[in-house]
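**Q** Structure provided below as structure tokens; questions to follow.
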Amino acid sequence: GADPAPAGPRPRQELLDYRLTETAAGVRNWVLTSDRMLRFAGREDLELTDVHMDFYRAGEPFSTLDSDSGRVNPRTRAVHVWGTVDIVTTDGRRLQTEDLVFDNVTGRITNDVFNRFTRGTDVITGYGLDATPDLAYVEIKREVAAEGADQPADQPADQPADQPADQPAAADGPR
């Protein structure tokens, strides 16, 4: 016998390897790619599977977002991702969460859920987020806790905290 029709609305359009590029004055701001995009009748937002976003500054990538699922509004360029959400910057900062909204107007990423932000050996956790995609500005709103912020015993106290211990500091004469 024939399989019963799946429950719920049927997509009006399905695209594999979907891509959306946001530019300003001809320069890329970000590129969103998704393994699978579904467009439903009467719904502005597009449903996305396996979302990947590259953020650019002056044409150079500085940050990457990956998530299991998402939704994008092709008109406002607002992006909502959920599942396992991971943002990594080119300088090694990392944000891990399960729900995130990118507002293309303000250029900010926000949420109300649990976040884990890593910079060097410092880890900050807590609920609620207001940040920039380069993770240069990160505000965690509630129940903020820091891990690994204390200097390890084998690390000299004058070592900058945000510099990896395994990289030599700027050469300042013989050691």
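**Q** Can you compute 3J(HN,Hα) from phi for each residue in the range 58-74, using the Karplus curve 6.51 cos²θ - 1.76 cosθ + 1.60 with θ = phi - 60°, rounded to whole Hz and x for Gly and Pro?
**A** 6, x, 10, x, 10, 7, 10, 10, 10, 8, 5, 9, x, 8, 9, 9, x
**Q** In whole percent, and with a 1.4 Å probe on the protein chains, what portion of the accessible area of the range 1-110 is carbon and sulfur?
**A** Carbon with sulfur: 47 percent of the solvent-accessible area.
**Q** Taking K and R as +1 and D and E as -1, what net charge do the other residues with C-beta under 14 Å from the C-beta of R39 add up to?
**A** After counting each charged neighbour, the total is +2.
**Q** Compute the FRET efficiency between T23 and E139 as 1/(1 + (r/R0)^6), taking r as their Cβ-Cβ distance and R0 = 30 Å, and round to the nearest 0.05.
**A** Details: r = 28 Å, r/R0 = 0.94.
In this case the efficiency is close to 0.60.
**Q** Considering only protein heavy atoms, with the full assembly of protein chains and a 1.4 angstrom probe, order W82, W30 by accessible area, largest first.
**A** W82, W30
**Q** For E143, tell me the accessible area in Å² from a 1.4 Å probe, rounded to the nearest 10.
**A** 140
**Q** Moving to a separate point now. To the nearest 10 square angstrom, what accessible area does L38 show with a 1.4 Å probe?
**A** 30
**Q** Check which residues have an amide H placed less than 5 Å from W30's amide H, if you skip close sequence neighbours.
**A** E22, Y56
**Q** HN-Hα J couplings of the range 44-49 from phi, Karplus 6.51/-1.76/1.60, θ = phi - 60°, integer Hz, Gly and Pro as x?
**A** 6, 5, 9, 8, 10, 10
**Q** Let me ask something additional. For N104, which sequence-distant residues (separation of 5 or more, or a different chain) have an amide H within less than 5 Å of its own amide H, given hydrogens modelled in the peptide plane?
**A** A78, V79
The values are calculated or read from the model by the stated rules, or taken from the named source; none is laboratory data. This one's a predicted model, so the numbers in the text were calculated from it and none came from an experiment. Please note: Cβ atoms are built from the backbone with ideal geometry, for glycine as well, and neighbour counts cover all protein chains shown. Accessible surface areas use protein heavy atoms only, side chains included; no ligands, DNA or RNA. Shrake-Rupley method; radii C 1.70, N 1.55, O 1.52, S 1.80 Å.
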